[in-house]
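Just below is one structure, and these are the notes that go with it.
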Amino acid sequence: MFVPLLIQIYDIMKQLILFANLFVLLVSCEKLVPSLPADDELLDGPVEGLTSAQQAIFLEGDAAFNNQVFTAETGLGSIFVATSCGTCHAGDGKGHPFTTLTRFGQPDTNGNQFLNQGAPQLQNRALPGFTPEQIPAGATSSKFTPPANTGLGFIELVSDADILAMADPNDADGDGISGVPNWKHIPDYLEELDNTISQNGKYICRFGKKAGAYNLLHQTVNAYNQDIGITSVFEPKDVYSGLETDPEVSTQVVNDVVFYLQTLKAPIQRNQDDAQVQQGGQVFINIGCENCHKQTLTTGFSSVDALSNKEFHPYTDLLLHDMGSGLDDGYTEGGALTSEWRTPALWGLGLSPNSQGGQYFLLHDGRATTIQQAIEMHGGEAENSNIQFQNLSQTEKDVLLKFLKSL
Amino acid sequence: MKIFTYSYSISSQRRKEREGKTNSQVYFASSAPLRAITLALVLLFGVFSAANAQKDSAFIKRVLPDTAKIKLNMDAVYNRPFLTVGKLPIAIGGYLEANTQYSATDGVSDDFSFQFRRFTLFFSSTIAKKIKFLSEIEFEDGTKEINLEFAAMDIEFHPLVNLRGGIMMNPIGAFNQNHDGPRWDFVDRPISATTILPATLSNVGFGLHGKYFAHNWIVGYEAYLTNGFNDKIISNTENRTSLRAGKSDPDKFEESNSGLPMFSGKIAVRNRKIGELGISYTTGVFNKWKQDGLVLDSKRSATAIAADFSTSQFNNRLYIVAEVAKVFVDVPSTYSQTFGTQQWGGFIDIIGTVVQRKVLGWEKAKLNLGMRLEYADYNIGKFIETGGNIADDVWAVVPCIAFRPVGTTVLRLNYRYQQQHDLLGNPPTKTGIIQFGFSTYF
């Protein structure tokens, strides 16, 4: 009698052990799935300190930016560059030559003369049955590699006064560097930001390769319209027909995307305590890179506490600089001369290969495929720093590059 | 009502009776479309039930698949367990599958989810000698997606010449034809079978199929003309060329998007001792190139070619199935390179039975260990701008443990490790998924 009972108990115990093992497996799931990469290895993610409500808006914007793919049915094109925001900004990092934009116009600063022929941006792709845009005869052009999105909210909040304080249009200090802001007329839908200074109806613009955009709403509306062919209440003209259409993206979505861009975290420097990185940082200052690639800026007031009155380290002065004939493509925007480019922020530089397919595509059009090449292509106001770089010992070059890759 | 008690355990039945609920009351707790179909079934079978003795245990008969006959994947639609009810000329069957899973991608987890993936109903009927009918209705993710996957009539003129007409599975690869959940020891369907090839693809059309037997060999063919894909192949929110996206056309059973038929064909050969090898080919114009007599675009074709192999060895203790497919799509050169002109992918499942004996009263219970390896490249090509390789690929390895108390029911525990590259070939996203679920015919 006892033997069958024992066998039954043994069978029950086996089942219990099986279920216990399954339970252990389930509760240890977290250990069986890939772990989160270090925060400083990623460009995407929200700035620290957002409220729950702000995080919810961030997620809405994230979904619209990275997941919303436009099709012919939802307004894509009919001519376009990309089908979604995320196509050009993988992981919120720098873009790839595949999604490099082409803009066209003329060399003078009298305003784009080709607006009625599709300028300023070339839509080089088209829906089936449509023909992509061509650069009209007589126009000059330049290619723009998509920039990283991170930390843009901090840059938007730098006061105009701070930007003007960094400008030296007449090179009064005689260091050979004469940064200037890009003063431009801005569209009617844009409201003046706090800390804005206007001059003859023009405003300081700060976003884009030639500082052609005033703020992130301006940048976002332009990108929807010129990159994807999507109209909004802000920019209702269709890029193909030139006619006003019903909005193809809602104002709510545009606002969510703007908030997303504003609240993306700033890139986090890696290996800050590494002695060579610190030496490289000193070399960076010694050879004059920091004269334009300003390490530290501060934000003004923001209704988003996480962004308000913060010190941050973008390595840019947000000013236009003459970069010499080698980088002169003969194309201009606003008051920027053809050889003038806005100092690009260097933060996140070391993570660029993670969004550019494993290699670097640097400078405005991605022509430099290493950091060293990019430095050596600096001319004009940066010529002196370039020469100093080339005169460095190999060790000094190495630590400088290590520093730049840590950003 | 008896038909429903069949799929419930005795204990659950008694529990419900104690709670004062009938099975239909429990069943009707689901959503509206499901309720409607269930109601129809209840009425249909209820009438016959009422006319027969309520306690007649022989009233419902299970018709098991004939495992003695040598079969091909193309026979899968009929090679299923069915229930017949009295003298009702319709046999009914189906399967359901559900699971729970914990997944995380690069450390970001959506935690636990329970998923009711599929509930599928089959109805078959022998209308007359050599005339058969079969239909399959599938509910995916509850009632999120309801598809009529199969509703076709077969008329046999000769074993080599059978006319099939209606809504049918296009024979693209083996999985598309043989996709019932209980047949597989993996919770997820193969990536390449669902995203390179569009399982489950069915269309309305006509065609011929047939088989030739010789000793241990069987050769089969299928050749159909059906409606085809639509423009969504290259205009979709997946942001890549996708035959899967191109099958989602609510009008596809009503009209051909291109106005031209799509050809689907397959040749398969099977040896009882070696296994089955199949080659399938599908091609057709997918875009709306003409409307109201006006030409809007050139005709653009989508073509898929697939090879599949399956074998069962060591007295069915080792089972291997593999499929590889390549897709060619005519994408305009002026369109985005995110939409590739060529794709390929494949999978191999290796399943071994490690225990086969009586367990808890199930005479031939099986414990299987297995492994799936799978890969899909959604965009074969190089960037025009750089000459660099376009990535957009995914691979996965999926070990599994499956317990089959009976051949028609499987409990399965899977772990999926997957890496996916974006278009540019940036560092891959890494995903881990732990899944436990079941799938059963009823």
**OP:** List every residue pair whose Cβ atoms sit under 9 Å apart, with the two residues 6 or more apart in sequence or on different chains, where the first one lies in region B:103-123 and is more than 14 Å from chain A (Cβ to nearest Cβ) and the second, anywhere, is β-branched (Val, Ile, Thr) and crowded, with 19+ Cβ neighbours inside 10 Å.
**Re:** B:GLN115/B:VAL187; B:ARG117/B:VAL187; B:LEU121/B:ILE92; B:PHE122/B:VAL77; B:PHE122/B:ILE92; B:PHE123/B:ILE92
Original post:
Of all residues in region A:62-72, which are over 17 Å from A:ARG125 (Cβ atoms) and within 11 Å of chain B (Cβ to nearest Cβ)?
Top reply: A:ASN66, A:ASN67, A:GLN68
**OP:** Those residues that are surrounded by 20 or more Cβ atoms within 10 Å (Cβ to Cβ) and in a helix (DSSP H, G or I), I need them from region A:209-249; list them, please.
**Re:** A:LEU216, A:LEU217, A:HIS218, A:GLN219, A:THR220, A:VAL221, A:ALA223, A:TYR224, A:ASN225, A:GLN226, A:ASP227, A:ILE228
Subject >> Conditions (1) touching a residue at least 12 places away in the same chain (Cβ under 8 Å); (2) over 30 Å from B:THR100 (Cα atoms); number of the one not met by B:ALA214 >> reply: (1)
**OP:** Evaluate region B:420-438: report whether one residue or more is within 12 Å of another protein chain (Cβ to nearest Cβ), buried (at least 17 other Cβ atoms within 10 Å of the Cβ), aromatic (Phe, Trp, Tyr) and touching a residue at least 12 places away in the same chain (Cβ under 8 Å).
**Re:** yes
Original post:
List the pairs whose first member sits in region B:240-263 and is within 27 Å of A:ASN67 (Cα to Cα), whose second member is small (Gly, Ala, Ser), and whose Cβ atoms are under 8 Å apart, counting only residues at least 6 apart or on separate chains?
Top reply: B:ARG240/B:GLY340; B:THR241/B:GLY340; B:LEU243/B:ALA302; B:LEU243/B:ALA304; B:GLY246/B:ALA302
**OP:** Just name the residue that is surrounded by the fewest Cβ atoms within 10 Å (Cβ to Cβ) out of those in region A:273-291 that are in contact with a helix residue (DSSP H, G or I) (Cβ under 7 Å, 6 or more places away or on another chain) and more than 15 Å from A:ASP398 (Cα to Cα).
**Re:** A:GLU290
**OP:** Give me a count of the residues in region A:300-314 that are assigned to a loop (DSSP other than H, G, I, E, B) and either in contact with an Asp or Glu (Cβ under 8 Å, 6 or more places away or on another chain) or assigned by TED's automatic domain parsing to the domain that holds A:ILE177 (or both).
**Re:** 2
Original post:
For region A:193-200, does any single residue satisfy the condition of being on the phi > 0 side of the Ramachandran plot, in contact with a strand residue (DSSP E or B) (Cβ under 6 Å, 6 or more places away or on another chain) and in a loop (DSSP other than H, G, I, E, B)?
Top reply: no
**OP:** Please enumerate the residues belonging to region B:218-239 that are more than 17 Å from B:SER301 (Cβ to Cβ) and either within 14 Å of chain A (Cβ to nearest Cβ) or in contact with a Cys (Cβ under 6 Å, 6 or more places away or on another chain) (or both).
**Re:** B:ASN236, B:THR237, B:GLU238, B:ASN239
Original post:
Of all residues in region A:29-61 being of a type in the set (Gly, Ala, Ser) and not in a helix (DSSP H, G or I), which is nearest to the other protein chains (Cβ to nearest Cβ)?
Top reply: A:SER35
Subject >> Selection status of A:GLY174, surrounded by fewer than 20 Cβ atoms within 10 Å (Cβ to Cβ), modelled with pLDDT under 90 and not assigned by TED's automatic domain parsing to the domain that holds A:PHE301 >> reply: yes
Subject >> Residues located in region A:121-155, provided they are away from chain B (no Cβ under 12 Å) and under 23 Å from A:PHE70 (Cβ atoms) >> reply: A:GLN121, A:LEU122, A:PHE144, A:PRO147, A:ALA148, A:ASN149, A:LEU152
**OP:** Would you check which residues across region A:78-103 are more than 15 Å from the chain's Cα centre (by Cα), crowded, with 24+ Cβ neighbours inside 10 Å and more than 9 Å from chain B (Cβ to nearest Cβ) and list them?
**Re:** A:ARG103
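The values are calculated or read from the model by the stated rules, or taken from the named source; none is laboratory data. These numbers were taken from a predicted model, which means no experiment stands behind them. Cβ sites come from the backbone with ideal geometry, for glycine too, and all protein chains shown count toward neighbours.
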